[in-house]
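First up is the structure itself, then whatever we jot down about it.
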Amino acid sequence: MSKLQLDFQKTALVLIDLQQGIVRMANGQETVEKAARLVRLFREKGGFIAFVNVSFLDGKDRLNPPTDHPAPASGGSMPADWATLVPELGVGPNDYVVTKRQWGAFFGTDLDLQLRRRGIDTIVLGGISTNIGVEGTAREAFQLGYSQVFVTDAMKASSEEEHNYTCRYIFPRIGKLRTTEQFLAEVQG
């Protein structure tokens, strides 16, 4: 495992779906705490942060192809705070927030455009769910040519098995893996 060599002027922290509704459903408070540490570091180093949430206008914009394991029906309207990013991240009015309507954060959004305009070539990823939103974004980023670092304990899936599968078999093929402690030690040391 080679040491990370990050230039924070060319690196973005991209946090996926750390929003009230999803964090509550996933019991993701520990994930949020790790992500908040990364946010503080990126703010301190002057790095770019992309806060990504998923939301829908009227439900007709949701992915809905036939599958063997369909997503749970929304049951009408979501709670008012469902798409609101959790307060622990400290998202302010001048922060970049991108709303996606599918698994990955690149397709159908201006995330790639905003990163390229800033000269960013590396992304650090975390969020919920490891094997859906984070992996979907990671696969898109890889195909777009971004270098990636996956902070594995700043993400979570519905089960440990799903999280571990993605971290063991997918992420090592498209980037580098670190825990929060490893990442902080390497980039601050």
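The values are calculated or read from the model by the stated rules, or taken from the named source; none is laboratory data. Note that this is a predicted model, so its numbers are computed, not measured. Glycine also receives a Cβ, built like all others from the backbone with ideal geometry; neighbour counts cover every protein chain displayed.
Results, tabulated for the structure shown:
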{"quantity": "Residues (part of a loop (DSSP other than H, G, I, E, B) and either closer than 14 Å to Gly127 by Cα or among the charged types (D, E, K, R) (or both)) located in the range 85-100", "calculated": "Val86, Asp95"}
{"quantity": "Single match in Glu162, Glu186 (criterion: in a helix (DSSP H, G or I), surrounded by fewer than 21 Cβ atoms within 10 Å (Cβ to Cβ), in contact with a Lys or Arg (Cβ under 7 Å, 6 or more places away or on another chain) and of a type outside the set (Gly, Ala, Ser))", "calculated": "Glu186"}
{"quantity": "Qualifying residue in the range 83-102 (condition: over 16 Å from the mean Cα position of the chain (by Cα), among the charged types (D, E, K, R) and at pLDDT 95 or above)", "calculated": "no"}
{"quantity": "Where Pro66 falls short, out of the listed (1) at pLDDT below 95; (2) part of a strand (DSSP E or B)", "calculated": "(2)"}
{"quantity": "Qualifying residue in the range 119-128 (condition: on the phi < 0 side of the Ramachandran plot and either at pLDDT below 95 or assigned to a loop (DSSP other than H, G, I, E, B) (or both))", "calculated": "yes"}
{"quantity": "Gly145 being surrounded by fewer than 16 Cβ atoms within 10 Å (Cβ to Cβ), modelled with pLDDT of 95 or more and out of contact with any Ser or Thr (no Cβ under 8 Å at 6 or more places or on another chain)", "calculated": "yes"}
{"quantity": "Test for Leu113: is it surrounded by fewer than 22 Cβ atoms within 10 Å (Cβ to Cβ), without any contact (Cβ under 8 Å) to a residue 24 or more places away in the chain and either of a type in the set (A, V, I, L, M) or assigned to a strand (DSSP E or B) (or both)", "calculated": "yes"}
